[in-house]
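Participant: The structure follows.
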Amino acid sequence: SQELEQSPQSLIVQEGKNLTINCTSSKTLYGLYWYKQKYGEGLIFLMMLQKGGEEKSHEKITAKLDEKKQQSSLHITASQPSHAGIYLCGADPLGTSGSRLTFGEGTQLTVNP
Amino acid sequence: DGGITQSPKYLFRKEGQNVTLSCEQNLNHDAMYWYRQDPGQGLRLIYYSQIVNDFQKGDIAEGYSVSREKKESFPLTVTSAQKNPTAFYLCASSITGTGFREAFFGQGTRLTVV
C-alpha cells in the first residue's frame, strides 16, 4: 500500500510567521490531497494536486507537488490563529478517483497570538 | 444543501455490545469510506465501497462490519470482536471513475467504550 509520511508531526509558530509542512510518498502520487481538521471535527478539503510541478494557492496557503510526484509541501504565509488545526495529506494510490484513499499521520499546527 | 451526515456525534457502548454508526450522503456519490482516527494519529481505512452491494476491507477491518444496500447509506457496525473500539470515526464519500475529485467528510462520531 502507499505510505505517506508527514513532517513535522507538530508545529508551534508565532502569529505572522511562515511555515511549511511536507508530505512524502513511497510511490508515485497520482493525486495528492491536502485537508485541514479542527479537533473533533471532520476534514475540510483544501487543495488537490495532480501534475508534477503543479502549484496551487488559496488565500495564504500554497501547495506544491514536486516534478517526480513523490513529495508535496504545504506553505502558509503570515500564519494566523485561524490556521491552527491538523493538516493531513491524502493520496489515491491507484490513480482513479474513488479507489481507497490513504492518509499521512497529520501535522498538528498551533499558532500563538 | 448536499452533504454527508454522521450520527450520532457521541456514542457510548458497554464492553461486549455491538453498536452501529450511521452515515448518509445526498451527494449522489458512488464511493463511500469509513476511517478510524486515534489521538495524535492520522486516518486509517476500515472499509470502503465503490458501488451498491459491494465493499472491500481496508487496513483495519477486523472487528468491524459494513453494508451498502443503498447508494446513500453506508452504516458501520463495531462488533464486540473489536478490542479497542474507543476512537473517532469518520465517514467520507467521493465520485468514482477517471479524474480526481476530493472526498467529502462527515463531522464524525466519537465512540467511547465504558
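Participant: Can you compute the modelled spin-label distance between B:Gln107 and A:Asn22, with each label point 7 Å from Cα toward Cβ, in nm?
Facilitator: 3.7
Participant: Using alpha-carbon pairs under 8 Å, 6+ residues apart, how would you state the relative contact order of chain A in percent?
Facilitator: 36
Participant: Which order do the peptides A:41-53, B:4-16 take when ranked by the mean count of other beta-carbon atoms within 10 Å per residue, highest first?
Facilitator: A:41-53, B:4-16
Participant: Also: Need one number: nm distance between label points at B:Gln56 and A:Glu41, each 7 Å from Cα along Cα→Cβ, rounded to one decimal.
Facilitator: 3.2
Participant: How high is the relative contact order of the stretch B:1-112? Use alpha-carbon pairs under 8 Å, at least six apart in sequence, and give a whole percent.
Facilitator: Numbers: 281 pairs, mean separation 37.7, N = 112.
Answer for the stretch B:1-112 is 34 percent.
Participant: Enter the Cα centre distance for the pair the stretch A:1-80 and the stretch B:35-114, rounded to the nearest angstrom.
Facilitator: What the calculation gives is 23 Å, centre to centre.
Participant: At R0 = 25 Å, how high is the FRET efficiency between B:Leu27 and A:Asn112 if r is their beta carbon distance? Nearest 0.05 is fine.
Facilitator: Once rounded, the FRET efficiency stands at 0.10.
Participant: How about A:Lys38: which lysines have a C-alpha closer than 17 Å to its C-alpha, ignoring those fewer than 8 places off in the same chain?
Facilitator: Within the straight-line cut-off, A:Lys38 pairs with B:Lys9.
Participant: Okay, moving on. Given points 7 Å out from each Cα along the Cα-Cβ axis, report the A:Ala78 to A:Glu15 separation in nanometres with one decimal.
Facilitator: Distance between the two pseudo-spin positions: 1.4 nm.
Participant: Could you bin all the Cα-Cα distances of the protein assembly as shown into 5 Å bins starting at 0 and give me the percent of pairs in each, rounded to whole numbers?
Facilitator: Cα pair-distance distribution for the protein assembly as shown, in percent: 1, 7, 15, 19, 19, 16, 12, 7, 3, 1, 0.
Throughout, read-outs are computed from the coordinates displayed, never taken from laboratory work. These numbers were taken from a predicted model, which means no experiment stands behind them. Don't worry about glycine lacking a Cβ; one is built from the backbone with ideal geometry, like all the others, and counts go over all protein chains shown.
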